[in-house]
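Below is one structure, written out as structure tokens; the observations come after it.
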Amino acid sequence: MELCPHTKQSVYLLNGINTEICVIKFSDTILVSLNQINKIGTILLAKQPPNLFEDSDATPIISTLLGKDDPATHLYARALVEQIPKQYSLVLFLGLKSHIPEDVKLVVKMFRENMLF
């Protein structure tokens, strides 16, 4: 059992705006903070449902815990939770100035460069 969470933090340019990403790995949860506004922003919880059949394409379960319940924020959470092992849940702090669906690929790239597993 791990006593301390592992953390990795970086800064990227996203649409010309400094964007901080912080990834913290706990024993059963990955916490990701994406921030351009220096505020918490929207907090989402995303989980992969248990697959009864390996070949089934199960849709992640996404809940907005705090902030605006916006389909665009769910798109970011879904894209990130699909990058992590199924035994982890994802808590996403999303403080971006805009939630442009085209930026999801860039956010996934940022996340993959900062993964801790």
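Note down the net charge around residue 92, summing +1 for each Lys or Arg and -1 for each Asp or Glu among other residues with Cβ under 13 Å from its Cβ. Before the final figure, lay out the partial values.
Details: positive: 47, 78; negative: 70, 82.
Overall, the nearby charge balance is 0.
Return the subset of 25/86; 47/68; 47/109; 47/105; 68/97; 47/97 for which the Cα-Cα distance in this structure is over 22 Å, preserving the input order. Can you show the working numbers first?
On the way: 25/86 14 Å; 47/68 19 Å; 47/109 20 Å; 47/105 20 Å; 68/97 13 Å; 47/97 25 Å.
Listed pairs above 22 Å: 47/97.
Which entry in (1) 73; (2) 60; (3) 34 is this structure's computed percent of Cα pairs over 21 Å apart?
(3)
What angle, in degrees between 0 and 90 and rounded to the nearest 10, separates the Cα long axis of helix 104-113 from the longest principal axis of the Cα atoms of the chain?
70 degrees
Read-outs throughout are calculated quantities, based only on the coordinates presented, and are distinct from any laboratory measurement. In this text the structure is predicted, and so the values were computed from the model without any measurement. Note that we place each Cβ from the backbone using ideal geometry, even for glycine, and neighbour counts take in every protein chain shown.
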